[in-house]
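Colleague: Take a look at the following structure, please.
The values are calculated or read from the model by the stated rules, or taken from the named source; none is laboratory data. Source: prediction; values computed, not measured. So basically every Cβ, Gly included, is an ideal-geometry build from the backbone, and we count neighbours across all protein chains shown. Just so you know, the surface numbers come from the protein's heavy atoms only, side chains and all, with ligands and any DNA or RNA stripped out. Shrake-Rupley method; radii C 1.70, N 1.55, O 1.52, S 1.80 Å.
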Amino acid sequence: MINLLDLDAAGIQALVADLGEKPFRAKQLSHWIHQRLTGDVAAMTDLSRTFREKLASVAEIRGPAVVRDTTASDGTRKWLLDVGAGNAVEMVYIPEDDRGTLCVSSQAGCALDCAFCSTGKQGFNRNLTTGEIVGQLWHANRALLQDGDASPRGRPKGELRPLGGLGGRSNFPWVEQGRAPITNVVLMGMGEPLANYDNVVAALRLMLDDNAYGLSRRRVTLSTSGLVPALDRLREDCPVALAVSLHAGNDLLRDRLVPINRKYPLAELLAASVRYLTRAPRDFVTFEYVMLDGVNDSVEQAKELAVLVRDVPCKFNLIPWNPFPGAEFTTSPRSRILAFQKTLMEAEFVTTIRKTRGDDIDAACGQLAGRVQDRTKRQIRIQRAATKTAANAAPH
Ligand code: SAH
Ligand code: SF4
């Protein structure tokens, strides 16, 4: 069975043509799936009965299988999704006053093995399909329409108004204006999106498509650790807002923290970032910089960083490192983060510190663990190394 969530606009058009229907049916079908968020072909009542029957015999709408659904005290909501064969990925909804952001996963695990990342430590199993990526947005919108928003800013129950479509309730002002609960998407969940290029680009196209989610390019952000050739392709194929995970101001340190830097060193990554801006919806790149105590957080390192990126139109987002079991780092103290920020600001870079959201449910950046049946043998290597270290440390 075809999963309709796997098809971008061209795919839906091809299916409609195969079934002998007129081209305009493709738009109707897309509206049913991605705007009215229906999960059932039979419910598409303005399509003829014969079309619905033909469609139902070859295709279905297969949303994600939710294994856990948790809401934090600040309204952040995390879903654990089963993606088969013992793997699970996570997605996180982050409510703010003027927007609803969904942090989406792109792979079960990640092969790039950044030193400070929980997903990386779990190894890699496989790329998510287009349907599994876009299905996260589809499901979050449905769930939020049905359940409303549990964030403290949510309006009192008495004020909730029933919605059309799913017949749920909402306390999002923008939903009452006809928009979906999720207004912004960040590809910052599990996985490296540019390592799953084709499926990610098809999913991005659906996010931007006016007949699907209709988000503006500025409201969709892809975060990458720096796969340079794929970044160049994205610039041509589907430019959206860009975040680059920098984490270090020189190659020696970045080689250690972000191993892909050995293949695409800083000079190449920064040049690709500047090239990207010629087509990007925003006129700056956001550099993410995770703050690791005593590793990359000194004032001297901030100065080095400022020199490194002086020719790149950019902003910095400092991310206090979020711990996970077994990690070798500690989070920088607040005072060091503030001093680092001050140094970058004095060098005239807009620099924000990312607020930690949903930490009571482990939903913060880099804590998304899911479940990965590692195919890269990384877990085995890590365990062997740990056993060796323990053996060496044991008294003789
Ligand atoms: N693979 C992509 C996107 C997913 S990670 C990338 O690396 O950019 C999203 C962001 O979270 C990245 O900037 C990443 O470096 C950061 N991150 C990873 N582990 C973290 C942790 N434990 N604490 C804080 N941020 C982390
Ligand atoms: Fe992969 Fe990003 Fe984690 Fe690095 S930080 S291991 S690229 S998910």
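Colleague: For a Förster distance of 56 Å, can you work out the FRET efficiency between the beta-carbons of residue 338 and residue 1, rounded to the nearest 0.05? Please list the in-between numbers first.
Modeller: Details: r = 54 Å, r/R0 = 0.97.
Once the sixth-power term is evaluated, E becomes 0.55.
Colleague: Okay, moving on. What's log10 of I(q)/I(0) for the chain at q = 0.06, 0.08, 0.09 Å⁻¹, Debye sum over Cα points only, no solvent?
Modeller: -0.25, -0.45, -0.57
Colleague: Lysine pairs in the chain 8 or more apart or on different chains: how many have alpha carbons under 16 angstrom apart?
Modeller: Close lysine pairs under the 16 Å cut-off: 6.
Colleague: Near the amide H of residue 215, under 5 Å away, which other amide H atoms are found, from residues 5 or more places off or on another chain, if H is placed in the peptide plane?
Modeller: Answer set, sorted by chain and number: 208, 209.
Colleague: Another question, then. Which value in deg cm²/dmol, rounded to the nearest 500, describes the helix-derived mean residue ellipticity at 222 nm for the chain, given -39,500 (n - 2.57) per DSSP H run of n ≥ 4 and division by the residue count?
Modeller: Counting only the DSSP helices, I get -10000 deg cm²/dmol.
Colleague: Under 13 Å from a point 7 Å along the Cα-to-Cβ line of residue 216: which residues of segment 277-302 have their amide N that close?
Modeller: Residues 281-283 fall inside that zone.
Colleague: Using the heavy atoms of the protein chains and a 1.4 angstrom probe, tell me the accessible area per residue for the chain in square angstrom. Walk me through the numbers on the way to the answer.
Modeller: On the way: 17610 Å² over 396 residues.
That works out to 44 Å² per residue.
Colleague: Heavy atoms only, probe 1.4 Å: what % of the accessible area of the chain goes to carbon and sulfur, would you let me know?
Modeller: 52 percent
Colleague: Still on this model: Can you tell me what percent of all Cα-Cα pairs in segment 9-132 are more than 24 Å apart?
Modeller: Values: 3580 of 7626 pairs.
Everything past 24 Å amounts to 47 percent.
Colleague: I would also like to ask the following. Taking the Cβ-Cβ separation of residue 299 and residue 267 as r and a Förster radius of 22 Å, what is the calculated FRET efficiency to the nearest 0.05? Walk me through the numbers before you get to the answer.
Modeller: Numbers: r = 24 Å, r/R0 = 1.08.
After rounding, the FRET efficiency stands at 0.40.
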